[in-house]
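Here is the structure we will look at, set down as structure tokens.
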Amino acid sequence: MKKISIQSHRRTEFIDITDLVRAELKDLGLRDGLVTVYVPHTTAGVTINEHADPDVAADLGNILERMVPWENHYRHGEGNSAAHMKASLMGSSLQVLVEAGHLCLGTWQGIFFCEFDGPRSREVWIQ
Amino acid sequence: MKKISIQSHRRTEFIDITDLVRAELKDLGLRDGLVTVYVPHTTAGVTINEHADPDVAADLGNILERMVPWENHYRHGEGNSAAHMKASLMGSSLQVLVEAGHLCLGTWQGIFFCEFDGPRSREVWIQ
Amino acid sequence: MKKISIQSHRRTEFIDITDLVRAELKDLGLRDGLVTVYVPHTTAGVTINEHADPDVAADLGNILERMVPWENHYRHGEGNSAAHMKASLMGSSLQVLVEAGHLCLGTWQGIFFCEFDGPRSREVWIQ
């Protein structure tokens, strides 16, 4: 397992980690199979989406905010229940196929770390 | 890795690919373990849900449309940000257990390719 | 593959199964790699989120109910389409890394079985 450190800078932020995952893949020496990208946090997630146009990630953050408003009479005392929900909607882990040492992503796909309660220092685990 | 070609016919469409995955499983010769179903697109996803009653898939499409309206002042110039969001909500990949060469699905479960910006020619990757 | 039996007691319920998964992990004898947690139902899912404060899980259930109301003129005759949608939003399976026989979860993370159409007798499959 390899650990990547990430620093987020806003409350909600989709950070493109595709190149970081690729670099760790080389270090892991994985040739064929599956790479797992795992987020060990409960107010952040991981997803695959378009990374050619940064407006897509901006829209994703805005849509999620509309679906799950930050303020909404939640019980959890820390006040960040919306971030917990968004984390579960995106998911804590994903798998990508690997062939001949290369990440098999679709043409427009990138891997995004999804910060929902930043700014924070975060980790992503790769295996 | 095996590639399945799919043709969608509407903007939003849940296409049952359970039998296609089963057929590829045989070709892959996988006996025990996990099969991964991966969608290499950013406006389509994959999910497991009931495939006995087609009304369930119709309801899923309608509920997602209500949660993420197609028109909503998005930034992304192509105008299909709702489709990108729905793709991340369903996810790009899933895993199903395999025993003795058989897909281990629950009684009511089927695997659905989720089109959110059709009609298009699409691919699903199986491993 | 190991099967865990679960009994839910309410329509919507997030049941912490972290310790159950840990126990099965020992039985499976898995030392390093990935453990898969699979839910073979179409009105229940699985997610990772905070399990220190039970208010988080309560908030998650409430937020999902607001996003996908139980009553909403659905087509599916059984009347539980909202539960099907919530199942797809959470997902049917997840993977957690395993090192030296231990589940690699983040500090605050627990694994939750997500009941959306209880009370029912349910299963979770571990591999």
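Of note:
- The set of residues from segment A:78-99 being at the interface with chain C (Cβ under 7 Å from one of its Cβ atoms) and touching a helix residue (DSSP H, G or I) at 6+ places or on another chain (Cβ under 9 Å) comprises A:Ser81, A:His84, A:Met85, A:Ser88, A:Leu89, A:Gly91.
- Count of residues meeting criterion [of a type in the set (Gly, Ala, Ser) and at the interface with another protein chain (Cβ under 9 Å from one of its Cβ atoms)] in segment B:19-44: 1
- In summary, A:Asp53 fulfils each of the numbered conditions (1) more than 19 Å from C:Leu64 (Cβ to Cβ); (2) within 14 Å of chain C (Cβ to nearest Cβ) with the single exception of condition (2).
- Residues being crowded, with 20+ Cβ neighbours inside 10 Å and farther than 30 Å from A:His76 by Cα - total across segment A:35-48: 1
- Among the numbered conditions (1) in a helix (DSSP H, G or I); (2) closer than 11 Å to A:Phe116 by Cα, the only one that A:Phe14 does not meet is (1).
- Candidates C:His41, C:His51 - the one that is over 22 Å from B:Leu103 (Cβ atoms), in contact (Cβ under 8 Å) with a residue 40 or more places away in the chain and touching a Gly at 6+ places or on another chain (Cβ under 7 Å): C:His51
- Some residue of segment C:96-111 being touching a residue at least 60 places away in the same chain (Cβ under 8 Å) and of a type in the set (Asp, Glu): yes
- Residue in segment C:62-77 that is within 10 Å of chain A (Cβ to nearest Cβ) and acidic (Asp, Glu) present: no
- Qualifying positions in segment C:39-76 - more than 17 Å from C:Phe112 (Cβ to Cβ) and touching an Asp or Glu at 6+ places or on another chain (Cβ under 7 Å): C:Thr42, C:Tyr74, C:Arg75, C:His76
- Residue-level analysis places C:Gln95 outside the set of residues that are under 29 Å from A:Val96 (Cβ atoms) and open to solvent by 40 Å² or more (accessible area, probe 1.4 Å).
- Residue count for segment C:100-117 satisfying the condition of being away from chain A (no Cβ under 12 Å) and open to solvent by 10 Å² or more (accessible area, probe 1.4 Å): 2.
- Selected residue [open to solvent by 40 Å² or more (accessible area, probe 1.4 Å), basic (Lys, Arg) and within 27 Å of A:Asp32 (Cβ to Cβ)] from B:Arg22, B:Arg10, B:Arg120: B:Arg22
- Qualifying positions in segment A:56-89 - of a type in the set (Asp, Glu) and crowded, with 16+ Cβ neighbours inside 10 Å: A:Asp59
- Picking from residues in segment A:79-105 that are touching a Phe, Trp or Tyr at 6+ places or on another chain (Cβ under 9 Å) and of a type in the set (Gly, Ala, Ser), the one that is modelled with the lowest pLDDT is A:Gly79.
The values are calculated or read from the model by the stated rules, or taken from the named source; none is laboratory data. This one's a predicted model, so the numbers in the text were calculated from it and none came from an experiment. For neighbour counting, all protein chains shown are included, and Cβ atoms are generated from backbone atoms with ideal geometry for every residue, glycine included. Surface areas here come from the heavy atoms of the whole protein model, side chains and all, with no ligands, DNA or RNA. Shrake-Rupley method; radii C 1.70, N 1.55, O 1.52, S 1.80 Å.
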